[in-house]
Amino acid sequence: MSEKVVTLEEAIREVKNGDIVAFGGVLDSRFPMAAIYEIMRQQKKNLITLAILSLHDPAVGAGCIRGFIGCYNYLGAFGKAPCIERECNKGNLIIEDLGHNDSLLIFMAAAFGLNFVASNYTKGSDILNPKYSKIEKIRELARNKEKIPKKKYILMKDPFTENGEERVLLPAIKPDVAILHVQQVGTEGTCRIFGVEGVDQFAALAADKVIVIAEEIVPEEYLREDPNRNLIPNIHVDKIVELPWGAHPTVVSHYYDLDMEFIMNYVKEAQTEDGFQRWAEEWVYSIENHHEYVKKLGIERLMKLRAVKGLGFRPRTWLKGW
């Protein structure tokens, strides 16, 4: 087995206070929740998050994440992200909003070695209103301050068109660490993702350090039999963690479905600061590691989420009371 293979605890020790951390997954799919919980246990501070959707909400409530650059600070169908809303209102969380496509473009630019990228997606919106920009405050949090641009964007006349239409230039942002959850990883780090890919590939290519958490480790030879299905080459992966159910309660296509009841319970409990602290004590701090977390969930609950082979998901009836 490769020296890259470590425990979750060892992998998260690679994350330093003030790091820019890119989380993989998109919406409620393949979000590295076990890593979020371990970040909380290790009490990381002043992290700056690059992500789409807000399933890092518990780490915000725990005081680990203090900056956010990206889009969609919401929990989708489950409503507002309670800790993000509360900590933002208290001034403890600094949010720099980008458009959805722009959140992808800043990863792509960094992955391709570009300093900036041109975009037109948010012209005419308050995302480009300079009075709302918080980039300077986020820069103060960063361990590597030079990685956070001094300006959120620059407007420039397009030199390739006759009328010189104005374009928005967005600076690339290169994460210190990318944390991804995938279905399969080879013993040397080659990654295969089923279903929605999100920004994982670009985050891996852009980041200085890449931690891959996987449902299973498989031989590199197996992945090479069908190489066009592989998304991330092993040369870009620094640490590998084999961790079944490591993205629970989110979806991992072909492995398990969304645990809607778990998320709904979290949203209900985290509406108040005391409620969040009770939830965090029960599901994070009183549990030694991910294996204890899975044991606490219980085999009966997990089997109800297990994907059916041939379908890639678990058919379910509509939840009572939803």
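Summary of computed values
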| quantity | calculated |
| --- | --- |
| Global form of region 24-105, assessed from the alpha-carbon gyration tensor, a/c cut-off 1.5 | rounded |
| Residues 238, 259 arranged by fewest to most Cβ contacts within 10 Å | 238, 259 |
| Relative contact order (percent, whole number), the chain, Cα cutoff 8 Å, 6+ residue spacing | 19 percent |
| Most fluctuating residue given options 110, 204, 77, as computed from a GNM of the chain linking Cα atoms under 10 Å | 77 |
| Residue among 196, 210, 60 with the largest mean-square fluctuation in a Gaussian network model of the chain, springs linking Cα atoms under 10 Å | 196 |
| For the chain, built as a Gaussian network whose Cα springs stay under 10 Å, the top-fluctuating residue of 217, 36, 263 | 263 |
| Residue exposure sequence - 309, 157, 4 - by fewest surrounding Cβ within 10 Å | 309, 157, 4 |
| Anchor residue 268: aspartates and glutamates whose Cα lies under 17 Å away (excluding residues fewer than 8 positions away in-chain) | 57, 85, 87, 259, 281, 282 |
| Stokes-Einstein translational diffusion, the chain - Kirkwood Rh over all Cα pairs, 1.306 mPa s, 10 °C, in µm²/s | 78 µm²/s |
| Residue 282-residue 7 FRET efficiency (beta carbon distance; Förster radius 22 Å; 0.05 resolution) | 0.45 |
| Nonlocal amide H pairs with residue 55, under 5 Å, H built at 1.01 Å | none |
| Acute angle (nearest 10 degrees) that the helix 260-269 long axis makes with the longest principal axis of the chain, alpha-carbon atoms | 70 degrees |
| Region 192-231 versus region 1-33: alpha-carbon centroid distance in Å | 13 Å |
| Of 45/134; 16/80; 90/137; 90/131; 44/174; 80/174, those spanning more than 25 Å from alpha-carbon to alpha-carbon | 16/80; 80/174 |
| Cα centroid separation, region 236-257 to region 66-130 (Å) | 24 Å |
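Bear in mind these aren't lab numbers, they're just calculated from the coordinates by the rules spelled out. Computed from a prediction, not measured in an experiment: that's the story for all the values here. Every residue, glycine as well, gets a Cβ built from its backbone with ideal geometry; the counts of neighbours run over all protein chains shown.
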